[in-house]
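The values are calculated or read from the model by the stated rules, or taken from the named source; none is laboratory data. Predicted model only: the values in this text are computed from it and were never measured. For neighbour counting, all protein chains shown are included, and Cβ atoms are generated from backbone atoms with ideal geometry for every residue, glycine included.
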Amino acid sequence: MKRVFLTGKFLAFALIMIAVFCFGQSESIIRATEDWPTYIDPAVGSDFSDCIAIVNLYDSLVFPNADGSVGPHLATHWDVTPDGLTWTFYLRQGVKFHSGNELTAEDVVFSVERLLTMGEGFAYMFEPFIDEVVALDPYTVQFKMKKPYGPFLSTLVRLYILEKDLVLQHLDSGPYGEFGDYGRKWLLEHDAGSGPYMVEEVKMEEYVLTKKFDDWWGGWEPNAPEYFKEMATADPVTIRTLVAKKELEITDELQPMESYEAMAKMPGVEVVRFVPGGMNLNLMLHTRKPPTDDVHFRRALAYAVDYKTIANIIFPGSLVARGPVPQTLPGHDSSIQPWEFNLDKAREELKKSKYYGQLDEYPLTLSWCAEVPEEEKIALMLQANFARIGVKLEITKKPFGSMIADAQNMETTPNCSLVFVAAHYMEAGGMLTTRYHSQSTGTWEQCEWLLNPEIDQMIEDALSTIDTEERFNKYHAIQQKLVELCPTIWLIDRAETRAYQASYVSWFVADLVHQGKKIALPLGYGLYAHDMKVFPEKK
């Protein structure tokens, strides 16, 4: 009897441990897919997959609300002088980094100085404006500005705070003097944050696995996911298989429509579609490379696009674009009318081009993103329509990483690039700066190589305007000027579509869609795992 009793106890313990492992770890997880590469260093990463990881690992002074406004986060409150040149932020006390050490104003100063020194990622938002950052005491930090910065509060959702001491412990050789590489190499696979999740494991070409930080200052509600995993795959067959086996909770937004339709028929799976606050699909036109260096040639192409087919059939639920700023983004100029599909007008513009009569000598090159299968349909449609006006289009399918590499050099950037871009903060300036200021040339966000001093000056002037109405009017003038120059064919304001496991996952974005509420979240924040819930027993 004794032997049976002990065996029973052992079996019971083993079953409990198996349950804890399966449900506490394997099952209490949100797995999402996205395109790659992913850089989790908040002074380096800035694209979609980077932002998803970073917002889960790091905290910022303020936090975005679903409607596009911002509220307190690490900073409980703040003051600003009437001239907009001095901002003082009062930090929440008792915030712990993942190391267990307390976050202080000194860490904020270090994070700002590191970002500005490295000059990558979101540094462009702050470098023209921040003059000095000072820790007045352990919980008070003051920003001295070079000039007023109208959308400063909104941009602070992109200023992520790292633990100074931890980064300094992991310096490698590099170009930053006494700071070496500023911890850049180490931060490829580790974090120095205070966010709700901390790095468990990173495989650079495969996934980022993060684990719930139990001591996160914001606390946790029951059923919050124990793990959040961002995975590097967008292959439609793989995605559908993972969803069917309940090994993927939320898909990427890059799947072909037929895949979403197939997943919507799977038990417990729901497909949500919404127009976020600031994402559009651009056909970027290289303004420094023949023949797209000619404005009339660019306008001819703009008239040769079937926008309604893209918005209603290829990416259903999307809006036909009306200029460079998405229509749901504050500061959009609603007076701008969309381009129309009109081949007669296309031919009229083409006749005004300096390349008319020698089109055979100037075939166009176009790259589309391999991770977004639907873009091939657009590329083929463009090829057919351009041919109807005598323009030859050569199409190349490229991984996003290759498109990033090509965009770094004026010579390797193609005439046309199909690229989705989202605003980095919820205002028109968050789109206009990354897309059209000269400082963003050489990045995937501006394959146009516009290099226009007048546009640069207009953007800088608008950003320096404190009064919101006046700033928005200046944004409108920039948009009108860009439409005149036509460096881009703005195709659609994208309806983001994702499939998710509605039977056992509570996803706040889906809840907002069901409630018919406006969604204006900056890039990455729609997959903020802290605000999700998982119910493994409902699988």
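With modelled with pLDDT of 95 or more, in a loop (DSSP other than H, G, I, E, B) and of a type in the set (Gly, Ala, Ser) as the only criterion, which of Gly357, Gly390 stands out?
Being modelled with pLDDT of 95 or more, in a loop (DSSP other than H, G, I, E, B) and of a type in the set (Gly, Ala, Ser) holds for just one of Gly357, Gly390, which is Gly390.
What single numbered condition from (1) in contact (Cβ under 8 Å) with a residue 12 or more places away in the chain; (2) closer than 23 Å to Ile492 by Cα fails to hold for Asn223?
Failed condition: (2).
Quick one: is Lys517 among the charged types (D, E, K, R) and either within 21 Å of Val157 (Cβ to Cβ) or assigned to a loop (DSSP other than H, G, I, E, B) (or both)?
On the way: among the charged types (D, E, K, R): yes; either within 21 Å of Val157 (Cβ to Cβ) or assigned to a loop (DSSP other than H, G, I, E, B) (or both): yes.
Answer is yes for this residue.
For residues that are more than 13 Å from Asn56 (Cβ to Cβ) and either touching a helix residue (DSSP H, G or I) at 6+ places or on another chain (Cβ under 8 Å) or outside any loop (DSSP other than H, G, I, E, B) (or both), tally how many sit in region 203-225.
Total satisfying the criteria: 4.
Go through (1) surrounded by 14 or more Cβ atoms within 10 Å (Cβ to Cβ); (2) not in a loop (DSSP other than H, G, I, E, B) one by one and return the number of the condition Ser46 breaks.
(2) is the only condition that Ser46 fails.
Can you list residue pairs whose Cβ atoms sit under 7 Å apart, with the first residue in region 380-392 being without any contact (Cβ under 8 Å) to a residue 40 or more places away in the chain and closer than 12 Å to Leu301 by Cβ and the second being buried (at least 16 other Cβ atoms within 10 Å of the Cβ) and among the basic types (Lys, Arg)? Count only pairs 6 or more apart in sequence or on different chains.
none
Is it the case, given these coordinates, that Val391 is under 29 Å from Glu454 (Cβ atoms) and touching a Ser or Thr at 6+ places or on another chain (Cβ under 9 Å)?
No; evaluated as a whole, the condition is false for this residue.
Tally time: how many residues in region 412-462 are aromatic (Phe, Trp, Tyr), within 24 Å of Leu156 (Cα to Cα) and modelled with pLDDT of 95 or more?
1
Restricting region 73-110 to residues that are of a type in the set (Asp, Glu) and in contact (Cβ under 8 Å) with a residue 12 or more places away in the chain, which is surrounded by the fewest Cβ atoms within 10 Å (Cβ to Cβ)? Talk me through it step by step, then tell me what you get.
Narrowing region 73-110 to residues of a type in the set (Asp, Glu): 79, 83, 102, 106-107.
Restricting the remaining residues to those that are in contact (Cβ under 8 Å) with a residue 12 or more places away in the chain gives 83, 106-107.
On the way: Asp83: 10, Glu106: 13, Asp107: 27.
Result: Asp83.
Go through region 168-186 and report how many residues are free of Cβ contacts under 8 Å to residues at least 40 places away in the same chain and either exposed (fewer than 15 other Cβ atoms within 10 Å of the Cβ) or charged (D, E, K, R) (or both).
9
Restricting attention to region 153-177, report how many residues are of a type in the set (Ser, Thr, Tyr) and within 13 Å of Asp191 (Cα to Cα).
Number of matching residues: 1.
Go through the residues of region 281-294 one by one and say whether even a single one is touching a Ser or Thr at 6+ places or on another chain (Cβ under 9 Å) and farther than 30 Å from Gly357 by Cβ.
Yes, that holds for at least one residue.
Taking region 503-524 only, how many residues are in contact with a helix residue (DSSP H, G or I) (Cβ under 7 Å, 6 or more places away or on another chain) and surrounded by fewer than 24 Cβ atoms within 10 Å (Cβ to Cβ)?
5
Looking at region 190-217, which of the residues that are in contact (Cβ under 8 Å) with a residue 60 or more places away in the chain and surrounded by fewer than 16 Cβ atoms within 10 Å (Cβ to Cβ) is farthest from Val112 (Cα to Cα)?
Glu205
Conditions: (1) buried (at least 16 other Cβ atoms within 10 Å of the Cβ); (2) part of a strand (DSSP E or B). Arg273 meets all but one. Number of the miss?
(1)
Considering only residues of region 70-128 that are among the acidic types (Asp, Glu) and touching a helix residue (DSSP H, G or I) at 6+ places or on another chain (Cβ under 7 Å), which is nearest to Thr443 (Cα to Cα)?
Here is the first cut: in region 70-128, the ones among the acidic types (Asp, Glu) are 79, 83, 102, 106-107, 113, 120, 127.
From what is left, the residues that are touching a helix residue (DSSP H, G or I) at 6+ places or on another chain (Cβ under 7 Å) are 106-107, 127.
On the way: Glu106: 32, Asp107: 29, Glu127: 17 Å.
Applying the filter and picking the extreme gives Glu127.
Rundown of residues vs (1) surrounded by 18 or more Cβ atoms within 10 Å (Cβ to Cβ); (2) in contact with a strand residue (DSSP E or B) (Cβ under 6 Å, 6 or more places away or on another chain); (3) in a helix (DSSP H, G or I), yes/no style:
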| residue | (1), (2), (3) |
| --- | --- |
| Lys229 | yes, yes, no |
| Val237 | no, no, yes |
| Leu248 | yes, yes, no |
| Gln255 | yes, no, no |
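For region 464-496, give me each residue that is of a type in the set (D, E, K, R), closer than 22 Å to Leu523 by Cβ and not in a helix (DSSP H, G or I).
Within region 464-496, Asp493, Arg494, Glu496 qualify.
For region 358-380, state whether one or more residues are in contact with a strand residue (DSSP E or B) (Cβ under 9 Å, 6 or more places away or on another chain), surrounded by fewer than 16 Cβ atoms within 10 Å (Cβ to Cβ) and farther than 30 Å from Gly278 by Cα. Spell out how you get there, then give the answer.
Restricting attention to region 358-380, the residues satisfying the condition of being in contact with a strand residue (DSSP E or B) (Cβ under 9 Å, 6 or more places away or on another chain) are 363-370, 372, 375-376, 378-380.
If we keep only those that are surrounded by fewer than 16 Cβ atoms within 10 Å (Cβ to Cβ) too, we end up with 363, 380.
Imposing the further condition that a residue be farther than 30 Å from Gly278 by Cα reduces the set to 363.
Within region 358-380, one or more residues are in contact with a strand residue (DSSP E or B) (Cβ under 9 Å, 6 or more places away or on another chain), surrounded by fewer than 16 Cβ atoms within 10 Å (Cβ to Cβ) and farther than 30 Å from Gly278 by Cα.
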